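What follows is one structure encoded as structure tokens, with my remarks underneath.
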Amino acid sequence: MGDFNEIVILDAIRRAEHLLSRVELAAATGLSGQTISNITRRLLEAGLIREAGRRPADGGLGKPRTLLALEPTGQYAVGVHLDPAIVTVVLLDLTGQVVARHRSEPAAAAEPAALIDGIASAIDELIQSSGIEVSRVVGVGIAAPGPIDVQRGVVVDPPNLTGWHNVPLRDELASRTGLPVLLDKDVTAAASAEKWAGGPQGEGSFVFFYLGTGVGAGLVIGDEVVRGSSSNVGEIGHVIADPDGPLCPCGRRGCIGESSQPRYLVQQGIAAGILAEGIDLDDRHEVDAAFARLCSLPGATPLLSVLATRIAKVVEDVANLLDLDRVVFGGPHWERLGPLLGPAVSAELEQRFLVRAVHPFAAVGTSLGVDVGAVGAASLVLDHTFSPNPSVLLLG
Ligand SMILES: [Zn+2]
């Protein structure tokens, strides 16, 4: 990228709610008309912005003003979401739209090196099959399960990735792809995606409640993504929702993370006689198929409403603690559970939110689907590249 003022102008165009003219850009950035004119010419020549129609001048007097928009094909960013059960890679254009995606299921207990090789080739294939020049790709963002060491770009000790201890994922992926890479936490990436691409439900203060192989919470408060002191915000999976629940790897019983896993729900379905015996609970695919079956059976309603109550309780505590506007649910397990649990969770929260006399609290599902983590990771790269004040994120 060129000079600071170019970034300031691109940032103003990205953030504006409607298309801006050069005159409005000058007002928004405080730069002189001459500077705006010079820099927008350079950005047009570089293919980063385009002219997008005209608007009559205010009051109808004077020349109509030419409006400027981002050129989607100007730059791209790659987003990778490393969920232990599914790896998603997306390619975003400059406006934040997904132009290509790739999903794969890593082999259970895959060695880090093999998994990183797989991610690197998925990125290569995605770029090549899209026919995009590599020089237009500004970088790769990775959304990884915590804990992570953001300063060193290291995945420290994720509970659901056996064999991963202090893996320097950022630098390993940078050396394999030749692209700058940044690493952030999965739930923070998901919350960022919601903030940037989620429309009205990404505004204000909310918790992004992620239900996947792990359970975690991303936080946006007052339109700012909250990261905590080491970018490891959101470890909510060990809040105890049921003291008699399943044994968690942490040594206690009934943590919300463990209580909402398909494996446990299938086990409960078998115990209640809703599912037939003989399901191998250690086989991810068998559990997944049984979980899908369970979700379609009317007999599972009591079991699922207990889960809805437990999830609502955890969300209630976060919402009351932080005075939030809403919870946004997402993640692969929510895709299946959402239609079944959503109304019950909503109803429960409506009664339990203590500040409801002052403002409502809403429970919604993400509109970004299962790509939300990967989209968030890529948008963090765009944000980092085109923000005049890149703050905590480090590119390798
Ligand atoms: Zn636990």
Exercise. Based only on Cα atoms, what Rg/Rh ratio does the stretch 226-279 have, Rh being taken as Kirkwood's radius?
Worked result: 1.15
Exercise. Averaged per residue, what accessible surface does the chain expose to a 1.4 Å probe, in Å²?
Worked result: 44
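Over the chain, what portion of Cα pair distances is larger than 33 Å, expressed as a whole percent?
Summing the P(r) of the chain above 33 Å gives 37 percent of all pairs.
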For this session: Could you please put LYS195, LYS313, LYS185 in sequence from largest to smallest accessible area, using a 1.4 Å probe?
Result: LYS313, LYS195, LYS185
Exercise. Considering amide H positions built from the backbone, and no H for Pro or chain starts, which residues 5 or more places from GLY139, or on another chain, come under 5 Å of its amide H?
Worked result: VAL78
Exercise. Between the helical axis of 112-129 and the dominant principal axis of the chain, each derived from Cα atoms, what acute angle in degrees is found, rounded to the nearest 10?
Worked result: 40
Exercise. Using the Karplus equation 6.51 cos²θ - 1.76 cosθ + 1.60 (θ = phi - 60°), what ³J(HN,Hα) coupling, rounded to whole Hz, does each residue of the stretch 322-335 give in order, writing x for Gly and Pro?
Worked result: 10, 6, 8, 8, 6, 10, 10, 8, x, x, x, 6, 5, 3
Problem set entry | Cα principal axis extents for the stretch 61-134, largest first, Å | 68, 22, 14
Problem set entry | With eigenvalues of the C-alpha gyration tensor scaled by 5 and rooted, the stretch 289-396, Å | 31, 22, 10
For this session: Please figure out what share of the DSSP beta bridges in the chain is antiparallel and state it in percent, rounded to the nearest 5.
Result: 65
For this session: Please check the chain for the longest run free of GluC sites (Glu not before Pro) that are loop-located per DSSP (anything but H, G, I, E, B) and have at most 16 other Cβ atoms within 10 Å.
Result: 278-396
Exercise. Counting only Cα, what are the radius of gyration and maximum Cα-Cα distance Dmax of the stretch 1-151, in Å?
Worked result: 19.9, 68
Exercise. Expressed in nm², what is the orientationally averaged projection area of the convex hull enclosing the Cα positions of the stretch 243-304?
Worked result: 4.2
Seminar exercise, completed: If N is the residue count of the stretch 4-70, its Cα Rg over 2.2 N^0.38 Å rounds to 1.04
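With all protein chains present, how much of the accessible area of the chain (probe radius 1.4 Å) comes from carbon and sulfur, to the nearest whole percent?
About 52 percent, which is the carbon plus sulfur part of the accessible surface.
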Exercise. Where does helix 262-271 land angle-wise versus the long Cα axis of the chain, in degrees 0 to 90, nearest 10?
Worked result: 30
For this session: Could you estimate the translational diffusion coefficient of the stretch 223-349 from the Stokes-Einstein equation, with Rh from the Kirkwood formula over C-alpha pairs, at 20 °C and 1.002 mPa s, in whole µm²/s?
Result: 136
Exercise. Each label point is 7 Å from the Cα along the Cα-to-Cβ direction; what then is the distance between the points at ARG15 and ALA27, in nm?
Worked result: 1.7
Problem set entry | Residue-span extension gain [THR95 to ASP3] - 0.36 nm each, minus C-alpha spacing | 31.1 nm
For this session: Enumerate the calculated ³J(HN,Hα) couplings along the stretch 236-241 in order (Karplus 6.51 cos²θ - 1.76 cosθ + 1.60, θ = phi - 60°), each rounded to whole Hz, writing x wherever the residue is Gly or Pro.
Result: 10, x, 9, 5, 7, 9
Seminar exercise, completed: With x for Gly and Pro, the residue-by-residue ³J(HN,Hα) of the stretch 161-170, computed from phi through the Karplus equation 6.51 cos²θ - 1.76 cosθ + 1.60 at θ = phi - 60° and given in whole Hz, is 10, 5, x, 9, 9, 6, 8, x, 4, 4
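The values are calculated or read from the model by the stated rules, or taken from the named source; none is laboratory data. Since we're looking at a predicted model, the values are computed, not measured. Note: ideal-geometry Cβ built from the backbone for every residue, glycine included; neighbour counts use all protein chains shown. The protein model used for the area step is the full one, side chains on, heavy atoms only, and it has no ligands, DNA or RNA in it. Shrake-Rupley method; radii C 1.70, N 1.55, O 1.52, S 1.80 Å.
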